[in-house]
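Asks: Quick one: the structure is below, and I'll ask about it shortly.
The values are calculated or read from the model by the stated rules, or taken from the named source; none is laboratory data. Since we're looking at a predicted model, the values are computed, not measured. FYI the Cβ positions are ideal-geometry reconstructions off the backbone, even for glycines, and counts take in every protein chain you see. For the accessible areas, the whole protein counts, side chains as well, though only heavy atoms, and no ligand, DNA or RNA atoms are used. Shrake-Rupley method; radii C 1.70, N 1.55, O 1.52, S 1.80 Å.
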Amino acid sequence: MPLYRQLYYRFQEAIATENLKPGDRVPSVRSLANELNIAKGTIEQAYEMLVSEGYFTTHGAAGTIVSKQVSLIPKISKQTIIKSHEKNNFFSQGREIEISPFQIGIPAFDLFPNKTWNRLLKNNLHKLETTIMAKTDPNGYEPLRQEIANYLGISRGISCTAEQVFITTGYSATLQLICHTLLKHGDLGWYEDPGYPFARKLLEHSGMRLLPVHVESDGLDISLGKKIGLNARFAVVTPTHQSPSGVTLSLAKRLELLEWATQQNSWIIEDDYDSEFKYHGRPLPALKSLDINDRVLYAGTFSKVIFPGLRLAYLVVPKSQVSQFQYSASYCRVLGSTLYEATTADFMNQGYFLRHLQKMRSSYALRYDYVKKALIELEDDLQIKPQIGGIQILAHLKHNMNDIKIAMKAKSHGLSIEPLSNWYIKNSSSKPGLILGFNNFSTIKETENAVARLALSIRS
Ligand SMILES: Cc1ncc(COP(=O)(O)O)c(C=O)c1O
């Protein structure tokens, strides 16, 4: 359970057991943050919930008190509260959940503008407009779809309307929507090898037959794809930064892939999961920006650019497919909470999103340098190819060591490392390597410390 919720329940319990009575003053955010040694933003989040639900009232400089009307709130069962506390692992340790060094797929929370986000969320909670409270359009909250269409036009060179954008609760939900709308059980698809295992599992469970297509230094081996599956119904690609190798699909291959899809009437699923992070040169336009024949389904996510717990992603579909997707979205129900969609729309519309991206970009570039420098210590064991962006790097193991064993050893040193071999479909082509997230190191010292522990894991 997140820390702010645990705190929220603590206060609810204190009120239910009458340890806190109507009119009692509660500690200030600052003093409670000091007392519990947790972030002020966490306390604020809990207090905001308690205020919005009527447990607390705020009185400016006079502080926050337990509402005089608290007795009107239906009694919370003490048993329920105690049960929820039993699950509380983190409070007793007096700290927030820690991100392990090298953990992948997690944006740097230290850079996130908590206060701004909370304010926008609170505004939406207070307004509670019927557009938020009612069930919305199955495509997702219209103002957010409009913001996404604007953003993609400017940042990714994708020309689309809000009508073509479908909001989902994440990439898996996006894939489910595609499977329901355009694919059928047993359809053949190209899948990058190595490639993102979670999406692979989802597609396989949805009945798709995936053909592993080798990834070269300029991206997917299109000739191999055509050789082993010319008539495949779809291809799943990560053209900007191939996941996990980080290579970019060359322009020649992009055109060849589009040509194949046009000739075969097949679909390309472009997973543009972290294209926002490019540290040198101009940003690369999306493959979708070259899609004149409408063969590309473009999948984006807010997991890396806001936070993964938000569960918010989107799909851009060709104009010709909008009504089909609208139909399947009406029964697939891949949408989450409108409250968060509205908050995200405000975050984008009021300029905070782009500012946050810029801040992440410059900090991540610095953090990438830290890890590159620190990893020089391991150059006898690891081979690292320079990256143009992304938030993780791939280090090949030079001496054919067992990456799974190293990852297990690293775990005992408090590190979270992904072994590359788990990302292959075809075991025979599997190469050992380590996938290392670097964007959560905030100092060179911290990075060196983690690399020293990694060295121990490899050398033992
Ligand atoms: C390759 C790849 N695609 C897509 C995603 C996005 O997944 P989601 O939107 O479900 O968080 C991720 C997240 O880690 C990823 O690594």
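Asks: Mind checking which pairs have a first residue in region 104-133 that is among the small types (Gly, Ala, Ser) and at pLDDT 90 or above and a second that is within 16 Å of the ligand (Cβ to nearest atom) and in a loop (DSSP other than H, G, I, E, B), Cβ under 8 Å, 6 or more apart or different chains?
Replies: Cβ pairs passing all conditions: GLY105/SER303; GLY105/LYS304; GLY105/ILE391; ALA108/ASN439; ALA108/ASN440.
Asks: Based on what the data block shows, is ALA261 open to solvent by less than 30 Å² (accessible area, probe 1.4 Å), more than 16 Å from the ligand (Cβ to nearest atom), in a loop (DSSP other than H, G, I, E, B) and not charged (D, E, K, R)?
Replies: Working: open to solvent by less than 30 Å² (accessible area, probe 1.4 Å): yes; more than 16 Å from the ligand (Cβ to nearest atom): yes; in a loop (DSSP other than H, G, I, E, B): no; not charged (D, E, K, R): yes.
Taking the combined requirement at face value, the residue does not satisfy it.
Asks: When region 194-233 is examined, which residues are found to be under 17 Å from GLU270 (Cβ atoms), of a type in the set (Lys, Arg) and over 26 Å from the mean Cα position of the chain (by Cα)?
Replies: ARG233
Asks: Just to verify a result, which residue in region 274-310, among those that are part of a strand (DSSP E or B) and within 13 Å of the ligand (Cβ to nearest atom), is farthest from the chain's Cα centre (by Cα)? Spell out how you get there, then give the answer.
Replies: Kept after step one, since they are part of a strand (DSSP E or B), are these residues of region 274-310: 278, 296-301.
Those left that are additionally within 13 Å of the ligand (Cβ to nearest atom): 298-301.
Numbers: TYR298: 16, ALA299: 12, GLY300: 10, THR301: 6 Å.
Filtering first and then ranking leaves TYR298.
Asks: Suppose we keep only residues that are polar (S, T, N, Q) and surrounded by 14 or more Cβ atoms within 10 Å (Cβ to Cβ) within region 346-377. Which one would you say is modelled with the highest pLDDT?
Replies: Restricting attention to region 346-377, the residues satisfying the condition of being polar (S, T, N, Q) are 349-350, 358, 362-363.
Retained after the next criterion (residues that are surrounded by 14 or more Cβ atoms within 10 Å (Cβ to Cβ)): 349, 363.
On the way: ASN349: 93, SER363: 96.
Selected residue: SER363.
Asks: Could you give every pair whose Cβ atoms fall below 8 Å, whose first residue belongs to region 304-324 and is hydroxyl-bearing (Ser, Thr, Tyr), and whose second residue is more than 16 Å from the ligand (Cβ to nearest atom), counting only separations of at least 6 or pairs across chains?
Replies: TYR314/ARG145; SER320/ASP294
Conditions tested, residue by residue: (1) free of Cβ contacts under 8 Å to residues at least 60 places away in the same chain; (2) under 21 Å from ALA199 (Cβ atoms).
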| position | (1), (2) |
| --- | --- |
| GLY414 | no, no |
| GLU418 | no, yes |
| ASN427 | yes, yes |
| SER430 | no, yes |
| ILE435 | no, yes |
| PHE438 | no, no |
| LYS445 | yes, no |
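Asks: Let me ask another. Name the single residue, out of those in region 123-160 being among the β-branched types (Val, Ile, Thr) and within 17 Å of LYS319 (Cβ to Cβ), that is nearest to the chain's Cα centre (by Cα).
Replies: ILE148
Asks: So, one more: Can you find a residue in region 324-331 that is outside any strand (DSSP E or B) and within 16 Å of the ligand (Cβ to nearest atom)?
Replies: Applying the first criterion (outside any strand (DSSP E or B)) to region 324-331 yields 324-331.
Cutting the leftovers down to within 16 Å of the ligand (Cβ to nearest atom) gives us none.
Looking for residues that are outside any strand (DSSP E or B) and within 16 Å of the ligand (Cβ to nearest atom), one finds none in region 324-331, hence no.
Asks: Right, another one. Tell me, please, whether a residue that is over 25 Å from THR248 (Cβ atoms), open to solvent by 30 Å² or more (accessible area, probe 1.4 Å) and among the charged types (D, E, K, R) can be found in region 396-407. Can you show your working first?
Replies: Step one: list which residues in region 396-407 are over 25 Å from THR248 (Cβ atoms), which gives 399-402, 404-407.
With open to solvent by 30 Å² or more (accessible area, probe 1.4 Å) added as a condition, the list becomes 399-402, 404-405.
Checking the rest, the ones that are also among the charged types (D, E, K, R) come to 405.
Scanning region 396-407 turns up at least one residue that is over 25 Å from THR248 (Cβ atoms), open to solvent by 30 Å² or more (accessible area, probe 1.4 Å) and among the charged types (D, E, K, R).
Asks: How many residues, within region 209-225, are among the aliphatic types (A, V, I, L, M), more than 16 Å from the ligand (Cβ to nearest atom) and open to solvent by less than 10 Å² (accessible area, probe 1.4 Å)? Can you show your working first?
Replies: Let us first name the residues in region 209-225 that are among the aliphatic types (A, V, I, L, M), namely 210-211, 213, 215, 220, 222, 224.
The next check asks that each one be more than 16 Å from the ligand (Cβ to nearest atom); those that pass are 211, 222, 224.
Still in the running and open to solvent by less than 10 Å² (accessible area, probe 1.4 Å): 222.
Qualifying residue count for the region: 1.
Asks: Further, regarding this structure: For region 153-193, how many residues are open to solvent by less than 20 Å² (accessible area, probe 1.4 Å), at pLDDT below 95 and away from the ligand (no atom under 16 Å from the Cβ)?
Replies: The total comes to 1.
Asks: Now, a different point. For PHE277, state whether it is at pLDDT below 95 and buried (at least 23 other Cβ atoms within 10 Å of the Cβ).
Replies: On the way: at pLDDT below 95: yes; buried (at least 23 other Cβ atoms within 10 Å of the Cβ): yes.
Criteria met by PHE277.
Asks: Additional query: Report every pair of residues separated by at least 6 positions or lying on different chains whose Cβ atoms are under 6 Å apart, first residue within region 331-352 and over 14 Å from ALA173 (Cβ atoms), second among the charged types (D, E, K, R) and surrounded by 15 or more Cβ atoms within 10 Å (Cβ to Cβ).
Replies: Sorted first by the residue in region 331-352, then by its partner, the pairs are ALA345/GLU147; MET348/GLU147; ASN349/GLU147.
Conditions (1) at negative phi; (2) within 26 Å of the chain's Cα centre (by Cα); (3) at pLDDT 95 or above, marked per residue:
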| position | (1), (2), (3) |
| --- | --- |
| LYS426 | yes, no, no |
| LEU434 | yes, yes, yes |
| THR443 | yes, yes, no |
| ALA455 | yes, no, yes |
